[in-house]
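> The structure's right below; bear with me while I get my questions together.
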Amino acid sequence: MDINVKSDDLSEMENAFNDSIQAGKVIEPKDWMPEKYRKQLLRMMSQHAHSEVVGMLPEGNWITRAPSLARKAILIAKVQDEAGHGLYIYSAAETLGMDRSEMIDQLLAGKAKYSSIFNYPTLTWADIGAIGWLVDGAAIVNQTVLAKCSYGPYSRAMLRICREENFHNKQGYQILAYLMRGTLEQKEMAQDAMNRWWWPSLMMFGPSDKESPNSADLLKWKVKLFTNDDLRQRFIDRTVEQAQAIGLKVPDDKLKWNEETRHYDFGEINWDEFFQVINGNGPCNKLRLKQRNDAHSNGQWVRDAAKAYAEKKKVN
Amino acid sequence: MMTDLNKALIEYCLRIADNSLIHAQRISEWTGHGPILEEDIAMSNMALDLIGQSRGFYTYAAQLEGNGKTEDIYAFHRGEREFRNKLMVELPDNKDFGFTMMKLFLNGCFDYLMFRDLMKSTDETISGLAAKSIKEVTYHVRHSGEWVVRLGDGTAESHQRIQNSLNELWSFTNELFEQDSIDELLISNGIAFDKESVRNEWTKMVTEIFAKATLSIPENTTYFASGGLKGVHSEHFGFLLAEMQYLPRMYPDAVW
């Protein structure tokens, strides 16, 4: 459906639904909603939940090697938060009529998408800083807006999650700030992470809306409130100065403050890379799917036992 | 000049701290790989509790020792022979959830009794740390104990697997109660507790759960591991430390 469909093509209910959204109504699970609205939201929310869960893997990769006890505790708590976010968003998505187990089956079968940023590897400790600062920073820009979206359960989930993401963002920035005032090797480690994570972070907002197939509907329904390009710009504007404050160089020769627009101009994003990764050809796509599948199959006997035990107790 | 009593107290703190840290290190390997999201979260929680306990006891040891010692120096700049954790907690879990739960349960029951008695310590820092820790360990015992029952009385496969874990780990339970002259000195000063005095209670705690779980304690255990108190560990331990310590060892001047 595109935004130019004439309203007399729509059913009366859909018209009323669209009007109520325009008037600022928040949609709740028991309210009537067009099937396409439900499907789009379910797609977005399940992808979001999957991203939280898959996102645990690259960061979890450094828990056993965190360089101090404080950092280890912070990192475990952070990755644990992501599990909590996953749980919370799966529950919110279930209000749209699909079980968590079904959503997870789609993920494990490789049929569902998740944020493609997690298909990049975490190679050094500095990558943990870069993920917290850049990846969670980009997520916050997205989620702060989603907290005002038209679907009640999603919007409430985002409000709660954003608070924790702010802590994640700060801990990531702090890791890099420490590295940047440390030894030469630490500084190089931090800059290297910046070089590898900057562009994929910009890709997190998705392709330009002209090429984003779902944007028009989502904007109309106030599931999205701003375009991908708007949000990307917002992220760049707030992040460049943070980088400069700790002496990190943004790896973009075309990056320049534009007095006229009051925004940073920036270079061309490599969308070929983005589509490659999204279509399964990133450095870690296969690994992430294998890790999720391994965890699931290794845990099968545990879930079976819990179910069998619960049934025995019911009978007795 | 440091008194013998203070030296003993430092060693005592390091034993507790090492045990919690190494246990946490193993449990934290699960984060992101649990059998279900809820358990992923629970295991991360328990790892965090144990790290918190280790930091408390390391910090107290550092304060007693002086010389600029910190929790991180103890954790990252000591070698295999200097760690005082029990062998049970360093064993690799190999992503066997039942093995992890059994370990948590067997060690947790002991820690519960330990912290309960240490709450009465004449050393106020020790009794304070024990009072904080016992709340956490109570939950660990309950949570892991419930899983031992569920797995033991679940399916035929889960019963066999958790029984195998018990058989393997039983060899490591005697070490929980080992003590030496350091314990004795501290016991005589009212600071530590007598491990032997809680053995029967521990046996009762685990036996009750095993009965519910339809598990049996192996009768023909011929080998009981020992060595943690003297820093004599399993072959697995060096790898655990190599992984945990590599960054601070590789960049000794760095601050993180």
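> Average partner chain C-beta neighbours within 10 Å, per residue of A:78-85?
Shielding by partners across A:78-85 averages 5.
> Given charges of +1 on the Cβ of Lys and Arg and -1 on the Cβ of Asp and Glu, with all other atoms neutral, how large is the dipole of chain A about its Cα centre, in debye to the nearest 20?
Here the size comes out at about 1220 debye.
> Give me, ordered by chain and number, the residues 5 or more places off A:Tyr151 or on other chains with an amide H under 5 Å from its own placed amide H.
Here A:Ile27 satisfy the definition.
> How high is the relative contact order of segment B:1-64? Use alpha-carbon pairs under 8 Å, at least six apart in sequence, and give a whole percent.
48
> Continuing with this model, one more query. Shielding by partners for A:305-315, please: the mean number of other protein chain Cβ atoms within 10 Å of each residue's Cβ.
5
> Add +1 for every Lys or Arg and -1 for every Asp or Glu among the other residues with Cβ under 14 Å from the Cβ of A:Leu184, and state the total.
Local charge sum for A:Leu184: -2.
> Across 10 Å bins from 0, what is the distribution of all Cα-Cα pair distances for the protein assembly as shown, in whole percents?
Cα pair-distance distribution for the protein assembly as shown, in percent: 3, 16, 24, 23, 17, 11, 5, 1, 0, 0.
> Another question, then. With unit charges on the beta carbons (Lys and Arg positive, Asp and Glu negative) and the dipole taken about the Cα centre of chain A, which residue among A:Phe118, A:Ile246, A:Met56 sits farthest to the positive side?
A:Met56
> Let me spell out the model: positive unit charges on the Cβ of Lys and Arg, negative unit charges on the Cβ of Asp and Glu, origin at the Cα centre of the protein assembly as shown. What dipole size does that give, in debye rounded to 20?
Once rounded to the nearest 20, the dipole reads 580 debye.
> Follow-up. Under the definition of Cα pairs under 8 Å and six or more residues apart, what whole-number percent is the relative contact order of segment B:4-250?
That works out to 26 percent.
> Largest first, please: the extent of the C-alpha atoms of chain A along each principal axis, to the nearest Å.
66, 64, 33
> Just tell me how shielded B:49-55 is by partners: mean number of partner chain Cβ atoms within 10 Å of each residue's Cβ, no decimals.
Across the residues of B:49-55, the mean count of other-chain Cβ atoms within 10 Å is 2.
> What is the Cα convex hull volume of segment B:4-250 when expressed per residue in Å³?
Measuring per residue, one finds 119 Å³ for the Cα hull of segment B:4-250.
> Between B:Thr221, B:Thr31, B:Thr125, which gets the highest mean-square fluctuation from a Gaussian network model of chain B, Cα cutoff 10 Å?
Of B:Thr221, B:Thr31, B:Thr125, the most mobile in the Gaussian network model is B:Thr221.
> For segment A:159-316, with only Lys/Arg (+1) and Asp/Glu (-1) charged at the beta-carbon, what is the dipole magnitude about the Cα centre, in debye rounded to 20?
Dipole size: approximately 1200 debye.
> Here's another thing I want to ask about it. Report the one residue of A:Pro153, B:Ala75, A:Phe275 whose Cα lies farthest in the direction of the positive end of the charge dipole of the protein assembly as shown (charges on C-beta: Lys and Arg +1, Asp and Glu -1; origin at the Cα centre).
Selected residue: A:Pro153.
> Continuing with this model, one more query. Considering the options A:Leu96, B:Ile41, B:Thr3, tell which one lies farthest towards the positive end of the dipole of the protein assembly as shown, charges being +1 on Lys and Arg and -1 on Asp and Glu at the Cβ, about the Cα centre.
A:Leu96
> What does the highest-first list of B:173-185, A:78-90 look like by mean Cβ count within 10 Å?
The most tightly packed comes first, giving A:78-90, B:173-185.
> Follow-up question, since we're still on this one. For an R0 of 30 angstrom, estimate the FRET efficiency from the Cβ-Cβ distance between B:Ser188 and B:Phe239 and round to the nearest 0.05.
0.20
> If packing is taken as the average count of other Cβ atoms within 10 Å, what order do B:236-247, A:40-51 fall into, highest mean first?
The peptides rank, most packed first, as A:40-51, B:236-247.
> Please work out how much length the chain gains when fully extended from A:Ser212 to A:Gln300, using 0.36 nm per residue of separation minus the C-alpha to C-alpha distance, in nm with one decimal.
Computed gain between A:Ser212 and A:Gln300 is 27.9 nm.
> Quick check on segment B:82-183: what does the Kirkwood estimate of hydrodynamic radius come out to from the alpha carbon pairs, in Å?
Evaluated over segment B:82-183, this radius sits at 14.8 Å.
> Any idea what angle helix B:236-250 forms with the longest principal axis of chain B, computed on alpha-carbon atoms, 0 to 90 degrees, nearest 10?
Approximately 40 degrees, to the nearest 10.
> Give me the one-decimal nm value for the distance between modelled label points at A:Asp99 and B:Asp253, 7 Å along each residue's Cα-to-Cβ direction.
In this crude label model, A:Asp99 to B:Asp253 measures out at 6.0 nm.
> Can you give me the C-alpha center-to-center distance between segment A:166-228 and segment B:97-125, rounded to a whole angstrom?
Between the Cα centre of segment A:166-228 and that of segment B:97-125, the gap is 43 Å.
> Restricting everything to alpha-carbon atoms, can you work out Rg to Rh for segment B:22-76 with a Kirkwood hydrodynamic radius?
Result for segment B:22-76 is an Rg/Rh of 1.15.
> Once the other residues with Cβ under 14 Å from the Cβ of A:Leu202 are scored (Lys, Arg +1; Asp, Glu -1), what is the net sum?
-2
> Using the alpha-carbon centroid of each, what span in Å lies between segment B:157-203 and segment B:1-45?
The two parts, judged by their Cα centres, are 16 Å apart.
> Determine, for B:Ser28, B:Ser133, the number of other Cβ atoms within 10 Å of each Cβ, and report the residues in order from fewest to most.
B:Ser133, B:Ser28
> When the Cα atoms of segment A:231-316 are enclosed in a convex hull and the volume is divided per residue, what value in Å³ results?
205
> For n ≥ 4 DSSP H runs only, could you compute -39500 (n - 2.57) per run for chain A, divide by its residues and tell me the 222 nm figure to the nearest 500?
-20000 deg cm²/dmol
> Name the residue, out of A:Asp217, A:Asp127, A:Asp304, whose mean-square fluctuation peaks in a Gaussian network model built on chain A with Cα pairs under 10 Å.
Evaluated over chain A, the most mobile residue of the options is A:Asp304.
> Continuing with the same structure: Roughly how many Å is it from the Cα centre of segment A:233-260 to that of segment A:92-129, as a whole number?
For segment A:233-260 versus segment A:92-129, the Cα centre distance is 29 Å.
FYI, it's all coordinate maths here, none of it is from the lab. Keep in mind it's a predicted model, so treat the numbers as computed, not measured. We place every Cβ from the backbone using ideal geometry, glycine too, and count neighbours over all the protein chains shown.
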